[in-house]
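Presented below is the structure to which this report refers.
The values are calculated or read from the model by the stated rules, or taken from the named source; none is laboratory data. Computed from a predicted model, the values in this text were never measured in an experiment. Quick note on the areas: whole protein, heavy atoms, side chains included, nothing else; ligands and nucleic acids left out. Shrake-Rupley method; radii C 1.70, N 1.55, O 1.52, S 1.80 Å.
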Amino acid sequence: MEQKLAPGFVMAHFGLSMVILVAAATLAWRARGEREAAVFNPDRKAVWAVRSLFPLATLVIFAGTAATAAGPHSGGPPDSRSSV
């Protein structure tokens with residue numbers, strides 16, 4: 001039985017799972033309740049450097065899902081196996 005998955009569905013599935021994973025991690029972090037032990041980092045350059053990596057990481061994840069979703073293993077014929 002040959003499956004034909006559209007790359008858009010594969011990418012949307014992965015993107016939705018990433019959003020759910022981030023939401024679950026945020027919920028777990030906030031549920032710890034250690035608000036008074038938060039450490040403030042006065043180095044604003046370091047804070048903005050880390051924040052500027054977020055769009056780059058999003059772009060890399062999107063490009064990776066696009067490349068993977070368009071490959072032979074996302075709904076390709078059953079005889080297309082990896083040589084690993």
Checklist entry - Tell me, what ³J(HN,Hα) does each residue in segment 63-70 have, in order and in whole Hz, if you take phi through Karplus 6.51 cos²θ - 1.76 cosθ + 1.60 with θ = phi - 60° and put x for Gly and Pro? => result 5, x, 5, 5, 5, 6, 5, 8
Item to check | Solvent-accessible surface ranking, highest first, for Phe54, Phe62 at 1.4 angstrom | outcome: Phe54, Phe62
